[in-house]
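The values are calculated or read from the model by the stated rules, or taken from the named source; none is laboratory data. On a predicted model such as this, the values are computed, not experimentally measured, just so you know. Cβ placement follows ideal geometry from the backbone for every residue including glycine, while neighbour counts extend to all protein chains displayed. Only protein heavy atoms, including side chains, enter the accessible area calculation; ligands, DNA and RNA are left aside. Shrake-Rupley method; radii C 1.70, N 1.55, O 1.52, S 1.80 Å.
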Amino acid sequence: MFKKFSEKDSVSQSSQLKSSVIRNLRHNFLQQYPHVEPYFDEIWPKRDNVKLVKCQDHIELIASQTGDILFFKQRDGTLLPTLRLVHKYPFILPWMQVDKGAIKFVLSGANVMCPGMTSPGGKMSVVAKDTPVLLVAEGKDHALGIGMMKMSTEEVRKTNKGIGVDLIHFLNDGLWQMKSVK
Amino acid sequence: MAAVADANTEVNSRDFPNPILPRTDITYPINVLYCGVCSLPTEYCDYSPEPEKCKEWLRQSLPDQFKAVSAGGADDAAAASAKDGEEGDQDGGDDDRKKKQTRGGKARVKLPAAEEKKKPGAIKLSIASRGKKKYVTVVTGLGSHGIDLKVAAKFFGQKFACGSSLTGDDEIVIQGDVKDDLLDLIPEKWPDVDEDQIEDLGEQKR
């Protein structure tokens with residue numbers, strides 16, 4: 001999604017969000033990830049105004065007052081944390097671990113194939129289809145991507161073929177390189 | 001840093017728990033060390049376009065971290081290269097690998113820093129006439145000095161109490177003849193800009 005994304009060409013406008021919209025977003029996010037609640041005020045302070053940055057392809061970014069991009073979403077999809085945020089709070093999303101051989105493919109923007117997660121180096125969380133997951137790698141401490149499950153964990157084990165996770169955001173993609181917004 | 005991955009080794013089953021709960025023994029936010037060259041977390045520097053440069057950077061700026069990484073990384077690297085050998089062609093020597101492109105491309109992304117290296121060019125000031133007795137001042141080249149053009153345009157407008165707008169890629173048009181003031185103002189406002197870099201082109205047609 002962010003492979004060909006650049007601050008210069010893709011951002012169309014940015015504006016302050018209304019507090020009622022913020023309240024809604026916060027509420028929805030917490031409903032989806034209730035376990036984040038103790039830390040949520042730290043991640044996204046209650047009284048903080050946030051900026052909504054509209055981009056091409058119906059992508060919207062949510063940035064804090066200081067310009068750090070916190071979340072992103074496409075169309076009316078769910079709010080997803082950016083990698084920089086997940087590096088700080090890695091417990092937000094369920095984890096999927098890929099084996100060592102898959103790292104370079106993921107870093108160049110490939111979707112994650114099932115064998116990359118079922119092999120000895122891989123490790124999975126049990127999740128349903130269409131769940132956003134955090135991609136971590138064998139032998140690495142920090143996440144390397146954020147993706148969307150194309151099949152449930154069970155199916156991944158059963159078929160063990162084809163695309164398992166659709167890659168949305170990965171290290172060094174356009175969104176990563178856009179460190180902050182003005 | 002290592003603490004993150006350990007979070008799940010304690011779990012008996014092969015799967016990650018879902019949801020992953022924050023650990024009590026670490027304080028969040030975790031402070032991740034990013035490489036100054038490739039901007040990735042330092043452990044991913046091996047996958048950057050120029051791992052040598054990354055290593056060099058790490059050695060210079062954070063000698064302690066460098067030692068830790070190179071000590072642990074030696075095993076990693078050995079393991080990785082062994083694995084590569086298995087995956088590659090049977091004869092997989094170094095020369096072979098250079099000739100053929102391995103599957104999946106090179107995972108090489110352009111360095112973000114590479115763009116910034118562009119040398120700052122000259123700042124060109126010129127005036128253009130509007131009618132008989134009115135002028136506008138055209139400033140080009142500010143962007144290459146890493147100056148935010150939007151902010152600069154607004155600043156000029158406020159300073160000279162006139163209209164000032166961003167008219168093109170790296171071009172600011174200020175209403176009124178303020179060229180002489182700009183010659184002093186620009187180095188004053190942005191100390192990085194050398195006075196010699198500012199060129200006065202005089203009057204030019206637009």
Q) Per residue in the stretch A:132-155, which ones lose no less than 20 Å² of accessible surface when going from chain alone to all protein chains (1.4 Å probe)? A) A:Lys140, A:Asp141, A:His142
Q: May I ask you to derive the FRET efficiency for B:Asp192 and A:Lys54 from their Cβ-Cβ distance with R0 = 51 Å, giving the value to the nearest 0.05?
A: 0.95
Q | Two-site FRET efficiency, A:Asp9 against A:Glu155, from Cβ-Cβ distance with R₀ of 41 Å, rounded to 0.05 | A | 0.65
Q. Could you give the semi-axes, largest first, of the ellipsoid that matches the stretch B:25-73, computed as the square roots of 5 times the alpha carbon gyration tensor eigenvalues and rounded to whole Å?
A. 19, 13, 10
(Q) Given the whole protein assembly as supplied and a 1.4 Å probe, what does the accessible area of B:His145 come to in Å², nearest 10? (A) 40 Å²
**Q.** Rounded accessible area per residue of the stretch A:7-82, 1.4 Å, Å²
**A.** 57 Å²
Q. Volume per residue, Å³, of the convex hull around the alpha-carbon atoms of the stretch A:3-81?
A. 97 Å³
Q. So how tilted is helix A:19-32 from the main axis of chain A? Cα-based, degrees 0 to 90, rounded to 10.
A. 20 degrees
**Q.** Inter-label distance, nm, simple model (7 Å from Cα along the C-beta direction), B:Leu62/B:Ala122
**A.** 4.3 nm
Q | √(5λ) per eigenvalue of the Cα gyration tensor, the stretch A:22-176, largest first, Å | A | 27, 16, 14
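Two decimals, Cα atoms only, Kirkwood Rh: what is Rg/Rh over the stretch A:95-170?
In the stretch A:95-170, Rg relative to Rh is 0.90.
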Q.
Could you tell me the ratio Rg/Rh of the stretch B:122-194? Both radii from Cα atoms, Rh via Kirkwood.
A. 0.94
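For B:Phe16, B:Phe160, what's the largest-to-smallest order of accessible area, 1.4 Å probe? Before the final figure, lay out each step's value.
Working: B:Phe16 10, B:Phe160 45 Å².
Largest accessible area first, the residues go B:Phe160, B:Phe16.
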Q: Assuming R0 = 41 Å, can you tell me the calculated FRET efficiency for the pair A:Asn24 and B:Lys159, based on Cβ-Cβ distance, to the nearest 0.05?
A: 0.45
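Rounded to the nearest 100 Å², what is the sum over both chains of accessible area buried where B meets A, with a probe of 1.4 Å?
Numbers: alone 15470 and 9960 Å², together 21530 Å².
Accessible area lost upon association: around 3900 Å².
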Q: Take the eigenvalues of the Cα gyration tensor for the stretch A:131-182, scale each by 5, and report the square roots as semi-axes in whole Å, largest first.
A: 26, 13, 8
Q. Whole-Hz Karplus ³J(HN,Hα) for the stretch A:84-89, in order, using 6.51 cos²θ - 1.76 cosθ + 1.60 and θ = phi - 60°, x for Gly and Pro?
A. 4, 6, 5, 4, 7, 10
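Normalising by the residue count of the stretch A:22-78, find the relative contact order in percent from Cα pairs under 8 Å and 6+ residues apart. Before the final figure, lay out each step's value.
Values: 52 pairs, mean separation 12.3, N = 57.
Dividing the mean separation by the residue count of the stretch A:22-78 yields 22 percent.
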Q: Would you check the accessible area of A:Glu154, probe 1.4 Å, heavy atoms only, in square angstrom rounded to 10?
A: 140 Å²
